[in-house]
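Participant: The structure's right below; bear with me while I get my questions together.
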Amino acid sequence: MLRIETLFNQQLKQWIEEVVELCQPNRVHFCNGSELEAASLCKEMVKNGTFIPLNDEKRPNSFLARSNPKDVARVEDRTFICSKTKEEAGPTNHWADPNEMKETLTKLFRGCMRGRTLYVIPYSMGPLGSSISHIGIEITDSPYIVVNMRIMTRMGEDVLAILEDGPFIKGLHSVGSPLKIGEKDVPWPCRPEETRIVHFPEERSIWSFGSGYGGNALLGKKCFALRIASRMGRDDGWMAEHMLILGLTNPEGRKKYIAAAFPSACGKTNLAMMQSVLPGWSIETVGDDIAWMKFADNGRLYAINPESGFFGVAPGTSEESNPNAMVTCSRNSIFTNVALTPDQDIWWEGMTKETPPLLTNWLGQKWSPDSPNPAAHPNSRFTAPANQCPVMDSNWEDPEGVPISALIFGGRRSTTTPLVFEALDWNHGVLMGCMVNSEKTAAATGKVGELRHDPFAMLPFCGYNMGDYFAHWLYMGTKTTPDKLPRIYSVNWFRKGEDHEFLWPGFGQNVRILKWIFERIDGKGKGEETPIGILPSQAALDLSGLNLHKNAMASLLKVSKEEWLQEIKGARKYFSLFGPHLPQEISDQCTRIERRLQG
Ligand code: TSX
Ligand code: MN
């Protein structure tokens, strides 16, 4: 095994020494990323009760973990952007003074790994050696995080070889639960009362304390690939976005790549892996959550998926909604907070029409359908390797990335927003991204149906002032010629009719919308200019074999002057939050739409 004395990267060596001194772990383990290493960690976790091995015949090499019930999701109110000034973090982030926060964290981390093993995880976000990729090192005391990071990132020895003496993003993570001598560990150690997820964008480092769950602890994902990387992108002229990436192939075999941003609970993973209902048209997956995008020398925007796995929401995933995700997590997968069947397989709400008998819920208790609570936690997850997805794109690991022809913004809107429309130009498209909002689905915070603004679906993930981020989007549009910029679209699968039923069947039928977008980019698809953008004429959408209700299409494509004046008014009110950081161009774009609506 690699030892600290033999480390080539002096900065890394020094940092590990500092952390060991501070956290006082019993052992240090350098992760090599091998299968053997993962197997041995899984075995240890089974022994400790962290992992329940699943039925090897039904779900080979897969495990169930049950978290502490107080540690089940990202904690936005305990997530901080510690830039030098509060203004740099902006009005949508929690800010704390970096020096004061370091002091607080240093106290929390002192001795926090006693009795535990410190794992050093070298990982690459993006294909090894790609000029768009970046390397991170996560130090953690959670073996659960090690085996999840092994799925979600390219992790191991090869990364150190590539790193040489180069720069890396520091991520320090602890579950914050030291063990006394002889003390027995619990299955899911954590410190919910003291949890803090802290970003230092200027020094490009992350400190995460107290949580072992998902985006709080898998530091390569939301913390690095979105919050820190968005700041790196602004400084260095690229983009880190909360977007899926898919390839769409037409019957002639020509392929175009599309990236799309949606707030949570809009089915991003389902769209990324969607099965087309139109003969000859197919969809391939590049990524389901994050896109890093850069202009290449040819003037076009290229994207990589910095991840190598899916950390997908389990409930609602089924043979009907996402058959490819079901195959992806059929083996070599980790399930967190789902239900367990008597034959040691997993289940969640929406997986099957019939609920299997004798389930054990995510809390480890006997459960029946009469129970008032779901068997799987609503935020339960599968962690599954991307290369197991049957429809991964042949270019998904291309170090150059894939050329992006269209960007899509979406949200969950029962009114106002048409099924699809196209921006008039880049800046208008940027306004569409700024205006992304979505109706709340879970009653956890606020009223169901209440609108939440979520610009570019980046509200919880932008590592700097969101107003400056809008300006960065406008600036990116000046880096190439207009003909080479991706076209920008808005979609809404969730519009409802007067009967409060969804008007659009969604899922695989969405390919009809993607087909129109493909044809528009090709210069063929017919569109009609409206005050809010270009809508497909009904004849331009391929609705063959689709039995929509009478008038459904007209309702789906309706643009109401009154509703849209209200919509712009709401957007302006929201934008006022950004004060002088709101680019003038964004208010000007609002003015233009208002004039067109009134004109
Ligand atoms: O993921 C979804 N997509 C995208 C699919 C590629 N969902 C699920 C959202 C929660 C994660 C959708 N839900 C979509 C959709 O396009 N559309 C809807 C709304 C809807 C739900 C059920 C039906 C229709 C629409 N059922 C029937 O029409 C029978
Ligand atoms: Mn996401």
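Participant: Could you list, in sequence order, the residues of the range 319-350 that are open to solvent by 10 Å² or more (accessible area, probe 1.4 Å), of a type in the set (S, T, Y) and under 22 Å from L271 (Cα atoms)?
Facilitator: Passing the criteria: S321, S330.
Participant: Follow-up question, since we're still on this one. Can you list the strands (runs of 3 or more DSSP E) found entirely within the range 218-282 that contain at least 2 residues being among the charged types (D, E, K, R) and more than 30 Å from V146 (Cβ to Cβ)?
Facilitator: Filter on the range 218-282 gives 255-261.
Participant: Right, next: Filter the range 10-31 for residues that are open to solvent by 60 Å² or more (accessible area, probe 1.4 Å), in contact (Cβ under 8 Å) with a residue 40 or more places away in the chain and not basic (K, R) and give the result. Full working, then the answer.
Facilitator: First, the residues of the range 10-31 that are open to solvent by 60 Å² or more (accessible area, probe 1.4 Å): 10-11, 14, 17-18, 21, 24, 26-27.
Going one step further and asking which of them are in contact (Cβ under 8 Å) with a residue 40 or more places away in the chain, we end up with 10-11, 24, 26-27.
Listed by number, the residues that qualify are Q10, Q11, Q24, N26.
Participant: Being within 16 Å of ligand 1 (Cβ to nearest atom), open to solvent by 10 Å² or more (accessible area, probe 1.4 Å) and not in a loop (DSSP other than H, G, I, E, B), is that true of even one residue in the range 297-313?
Facilitator: Yes, because at least one residue in the range 297-313 is within 16 Å of ligand 1 (Cβ to nearest atom), open to solvent by 10 Å² or more (accessible area, probe 1.4 Å) and not in a loop (DSSP other than H, G, I, E, B).
Participant: What number of residues in the range 558-590 are open to solvent by 40 Å² or more (accessible area, probe 1.4 Å), charged (D, E, K, R) and closer than 16 Å to V436 by Cβ?
Facilitator: 2
Participant: Any idea which of S394, S380, S371 is open to solvent by 50 Å² or more (accessible area, probe 1.4 Å), of a type in the set (S, T, N, Q) and over 22 Å from I513 (Cβ atoms)?
Facilitator: Going through S394, S380, S371 in turn, just one is open to solvent by 50 Å² or more (accessible area, probe 1.4 Å), of a type in the set (S, T, N, Q) and over 22 Å from I513 (Cβ atoms): S394.
Participant: For the range 409-420, state whether one or more residues are in a loop (DSSP other than H, G, I, E, B), free of Cβ contacts under 8 Å to residues at least 60 places away in the same chain and in contact with a Gly (Cβ under 8 Å, 6 or more places away or on another chain).
Facilitator: Looking through the range 409-420, none of the residues is in a loop (DSSP other than H, G, I, E, B), free of Cβ contacts under 8 Å to residues at least 60 places away in the same chain and in contact with a Gly (Cβ under 8 Å, 6 or more places away or on another chain).
Participant: Residues F518, F494: which one is in a helix (DSSP H, G or I) and either hydrophobic (A, V, I, L, M, F, W, C) or in contact with an Asp or Glu (Cβ under 8 Å, 6 or more places away or on another chain) (or both)?
Facilitator: It is F518.
Participant: Could you grab me the full set of residues in the range 119-158 that are part of a helix (DSSP H, G or I), crowded, with 22+ Cβ neighbours inside 10 Å and in contact with a Gly (Cβ under 9 Å, 6 or more places away or on another chain)?
Facilitator: Passing the criteria: Y144, I145, N148, M149, R150, I151, M152.
Participant: Additional query: Find all pairs meeting these conditions: Cβ atoms under 9 angstrom apart; at least six residues apart or on different chains; first residue within the range 250-277 and among the β-branched types (V, I, T); second residue part of a loop (DSSP other than H, G, I, E, B) and more than 13 Å from ligand 2 (Cβ to nearest atom).
Facilitator: Close Cβ pairs (under 9 Å, with a partner that is part of a loop (DSSP other than H, G, I, E, B) and more than 13 Å from ligand 2 (Cβ to nearest atom)) amount to I258/P486; T269/T317; T269/N322; V277/G545; V277/L546.
Participant: Given the residues K484, K440, K496, K524, which is the only one that is among the basic types (K, R) and under 30 Å from R74 (Cα atoms)?
Facilitator: Unique residue meeting the criteria: K440.
Participant: Any idea which of (1) touching a residue at least 60 places away in the same chain (Cβ under 8 Å); (2) out of contact with any His (no Cβ under 9 Å at 6 or more places or on another chain) is the one A314 doesn't satisfy?
Facilitator: Status for A314: all satisfied but (2).
The values are calculated or read from the model by the stated rules, or taken from the named source; none is laboratory data. None of the values given here were measured: they were computed from a predicted structure. Quick reminder, even Gly has a Cβ in these numbers, built from the backbone with ideal geometry, and neighbours come from all protein chains shown. Accessible surface is based on the protein model in full, side chains and every heavy atom, while ligands, DNA and RNA are left aside. Shrake-Rupley method; radii C 1.70, N 1.55, O 1.52, S 1.80 Å.
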